[in-house]
Amino acid sequence: MLHLGLIAALVLLQFILPAYHHGNLARIMVLSVFAMGYNIMFGYAGLLSLGHAMFFTAGMYGMGLSVRLWDIPVGPAFVIGIFAAAALSLVVGLLALRTIGVAFMIVTLMFSQAVFLTILYFNPITRGDEGFVIAQQVRQIAGLDLSNPTTRYFAALILFAICLLAVLWLVRSRAGRVLIAIRENEERARLLGYDTWAHKLAAVVMSGTMAGAAGAAYGVLFGSVGASFAEVPFSILPLLYVLLGGPGTVIGPFVGTLFMFYLRDLSSSLTDAHMLVAGVVLILLTLFARRGIMGIVRERWLKWLP
C-alpha cells in the first residue's frame, strides 16, 4: 500500500505542480529507475560499482542510434536500447565477477571508461561529446507525442511504477532473499548450497537492464543523447542517490534522487561549487545516518519497510 500510495501521489502531482517542478519530477522519476537498478547490485547484492553509467549509456545509444541511423520508430528502438544494456551487463558481469571487493569496483570503472572512449572514438557515428538530438516529430508512440509535458510525465511514471513494483517483487521473492544473504555473508550462503556466483550475475544483469531502460527512456523523453552520460561523474550519481535514500530499501532510490536533485538545483543557484555542497551533505549523512534517509526510517519507526 505504501508503494501504491507513492504512485498514486505522483499521479495526483501531475495535475497540481507548476511547469518547472512538473518537468523536474518527470526527470527525477527516470533517474530514480537508474538508481533502482544500481540498488539491486549495491543495496541488495552488496556489489559496489563505479561504472554504472555504461549501462545507462548503452540503453540511450542503443535507442538513439537505432532512430538516427536506421529510422526505427522510438517504440522498437526503446526495446533495442534495453537489449543493448542487458547484453553489455551480461558481458561485464561474466568478466567483472571474476574479481571481488575493491577489484570489482575498479574493473567496472575501467569498463565504463572503455565505453566512454569507444563513444568518442566513433565520433562520426555517435557524435561524441557533442551528442545528437532525437527530433521531436519522431518521439511518438502509438500517436502519443512524448515531447508533450503531460505525456512525457505519464510515460516516466509508467516506467517508474513498473520498476518500483518489480523491485518490490524481487525483494520479497526467494531470489531477493538470497541476494541479501550474499550481501551479509557470501561464504555462509554458499555453504547453505546457494550458487552465489549465478545470483550475483543475475543481479548485475537485472541492474544493468534497468539502468539501460532508464537511459533509453531519458533519450526518448528528453530528446538528447551524448557521451557526457558515460563519464565517471554520472556513474557516481546513482551511488549518491542510493546512499542518501537508503541502500537496500525499495523506496530509498526515489527519495535519494529527489533529495539530491533539488539539493543540486538549489545550491547551483547560489554557487558554482554545488557538488561541494552535495559532498558535504554526503559526508554528514555517512557520519550520522549511515543507513540513509529511508534506512533510518525503517530502523526507528517502520520495521516492516522492504
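Below is a table of values for the structure above.
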read-out	value
Top-ranked residue of the range 171-180 - restricted to ones that are in contact (Cβ under 8 Å) with a residue 12 or more places away in the chain and surrounded by fewer than 19 Cβ atoms within 10 Å (Cβ to Cβ), ranked as nearest to M41 (Cα to Cα)	I180
Residues within the range 13-34 that are in contact (Cβ under 8 Å) with a residue 40 or more places away in the chain and within 22 Å of I162 (Cβ to Cβ), tallied	14
Subset of the range 85-109 [within 16 Å of A227 (Cα to Cα) and without any contact (Cβ under 8 Å) to a residue 60 or more places away in the chain]	none
R177 vs. criteria closer than 19 Å to V225 by Cβ, modelled with pLDDT of 95 or more and in a helix (DSSP H, G or I)	no
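Residues checked against (1) in contact with a Gly (Cβ under 7 Å, 6 or more places away or on another chain); (2) touching a residue at least 12 places away in the same chain (Cβ under 8 Å); (3) not in a helix (DSSP H, G or I); (4) not hydroxyl-bearing (S, T, Y):
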| site | (1), (2), (3), (4) |
| --- | --- |
| Y241 | yes, yes, no, no |
| T271 | no, no, yes, no |
| V280 | no, no, no, yes |
| I283 | no, no, no, yes |
| I296 | no, yes, no, yes |
| L302 | no, no, yes, yes |
| L305 | no, yes, yes, yes |
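The values are calculated or read from the model by the stated rules, or taken from the named source; none is laboratory data. All values reported here derive from a predicted model rather than from experimental measurement. We place every Cβ from the backbone using ideal geometry, glycine too, and count neighbours over all the protein chains shown.
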